[in-house]
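The structure appears below as structure tokens.
The values are calculated or read from the model by the stated rules, or taken from the named source; none is laboratory data. Bear in mind the structure is a predicted one, so any value in this text is a computation, not a measurement. So basically every Cβ, Gly included, is an ideal-geometry build from the backbone, and we count neighbours across all protein chains shown.
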Amino acid sequence: MPRWASRLTLVVEAVRVEPLQEISEADAIAEGTACYICGTGRVDGTSENECGCFHSRSEAVPSYQALWSSLHGADSWDANPDVLVLTFRVERGNIDRLAA
């Protein structure tokens, strides 16, 4: 996308390295993973959904584990690699406007 067309800018606020399996429930929820039981619905700690799953916070890390394994292979979670964790905020506006 050309720079002039940007409408969202991600501003990196923090960077850290941690083992994959150290992911917190809050970080797993922030990843937006779907329930590992039914495969639908965002894990957000809300009440029971139409699928019958609760989508509770305690399902966030197992849901993230299922997603990670589906993307990187069955044994990838057990390898527990170090991962780069980025924290950022979303600025709604062109990147050139923010720099001004």
Residue satisfying all of: in the stretch 14-35; assigned to a strand (DSSP E or B) and either modelled with pLDDT of 85 or more or more than 13 Å from the chain's Cα centre (by Cα) (or both); surrounded by the most Cβ atoms within 10 Å (Cβ to Cβ) among these: GLU18
Could we say that ALA5 is among the small types (Gly, Ala, Ser), surrounded by fewer than 16 Cβ atoms within 10 Å (Cβ to Cβ) and at pLDDT 85 or above here? yes
Can you tell me how many residues within the stretch 75-100 are at pLDDT 90 or above, of a type in the set (A, V, I, L, M) and not in a helix (DSSP H, G or I)? 5
Here the qualifying pairs (Cβ atoms under 7 Å; residues six or more apart or on different chains; first in the stretch 60-73 and touching a residue at least 60 places away in the same chain (Cβ under 8 Å); second small (Gly, Ala, Ser) and assigned to a helix (DSSP H, G or I)) come out as none
Pull out all pairs, ordered by first then second residue, where Cβ-Cβ is under 6 Å, the residues are six or more apart or on different chains, the first lies in the stretch 3-16 and is over 7 Å from PHE88 (Cα atoms), and the second is outside any strand (DSSP E or B). SER6/ASN94; SER6/ILE95; THR9/ILE95; THR9/LEU98
